[in-house]
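Written out below as structure tokens is the structure these notes cover.
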Amino acid sequence: LHWKSTSQSGNTYQQYLNGSFMASLMNGANVIRNHYKHIYSANAILEGMESSPLPEKYKTEIMAEAKFIRAFNYFYLVRLFGDLPIYTTTPEKDKDYYIPRSSFKDVYELIVSDLTDAQINMRTKAEQEEMNGITDRADRYAATALLAQVYAQIGALMSYPDFQAFGTKATGEVKPEFSHLGFTAAED
């Protein structure tokens with residue numbers, strides 16, 4: 001996270017510089033709120049597509065795009081806050097919003113799963129242009145690029161566990177373990 005502003009001061013500005021927020025500060029709460037709005041929308045699209053009468057190929061492409069958006073938002077949040085509540089459906093009642101945080105490793109698992117699906121099922125730029133003349137929407141190559149960035153971040157987590165503000169030291173782990181995603185060493 002890169003942020004420079006003369007209007008920010010004190011604790012908030014220091015958190016911007018460090019690339020992390022405390023959720024209890026107003027700016028941190030706003031970041032969480034805004035990203036979870038996008039996650040909520042992506043989940044609503046995913047749920048709506050299940051019963052949609054649209055052609056299957058089109059539904060698959062739209063669902064892949066929604067998963068890309070959900071993964072993008074979770075990736076942003078997990079790097080700032082670590083452990084997060086994971087929502088893969090739209091909460092229906094107030095009590096459904098209050099779920100415990102999942103391990104940051106589980107968040108990465110969802111991100112990788114969503115991006116792998118998006119990488120396979122999203123349209124290419126050529127397919128987008130052919131279908132509706134638009135080429136500036138996220139496509140399968142954006143999913144591939146984001147997945148590469150996620151893999152690099154996982155490698156960094158494994159290479160430098162002592163520099164992490166969550167997981168490792170916080171949970172007593174010596175080194176974060178991602179073998180469930182196929183990573184046994186940072187080089188993977």
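The values are calculated or read from the model by the stated rules, or taken from the named source; none is laboratory data. Fair warning: this is a prediction, and the values are worked out from it, not measured in the lab. Because the Cβ atoms are built from the backbone with ideal geometry, glycine has one as well, and the counts that use them run over all protein chains shown. For the accessible areas, the whole protein counts, side chains as well, though only heavy atoms, and no ligand, DNA or RNA atoms are used. Shrake-Rupley method; radii C 1.70, N 1.55, O 1.52, S 1.80 Å.
Before moving on, here are some points about what is shown:
Residue-wise test of (1) within 28 Å of Glu56 (Cα to Cα); (2) crowded, with 20+ Cβ neighbours inside 10 Å; (3) modelled with pLDDT under 85.
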site	(1), (2), (3)
Lys95	no, no, yes
Thr116	yes, no, no
Met131	yes, no, yes
Ala142	yes, no, no
Ala152	no, no, no
Leu157	no, yes, no
Tyr160	no, no, yes
Phe163	no, no, yes
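- Of all residues in the range 54-85 being basic (Lys, Arg) and in contact (Cβ under 8 Å) with a residue 40 or more places away in the chain, the one that is least open to solvent (accessible area, probe 1.4 Å): Arg70
- Screening the range 118-129 for residues that are part of a loop (DSSP other than H, G, I, E, B) and either at pLDDT 95 or above or closer than 28 Å to Asp188 by Cβ (or both) and picking the one that is farthest from the chain's Cα centre (by Cα) gives Thr124.
- From the list Leu110, Leu46, the lone residue that is at pLDDT 75 or above, of a type in the set (A, V, I, L, M, F, W, C), part of a helix (DSSP H, G or I) and over 13 Å from the mean Cα position of the chain (by Cα) is Leu46.
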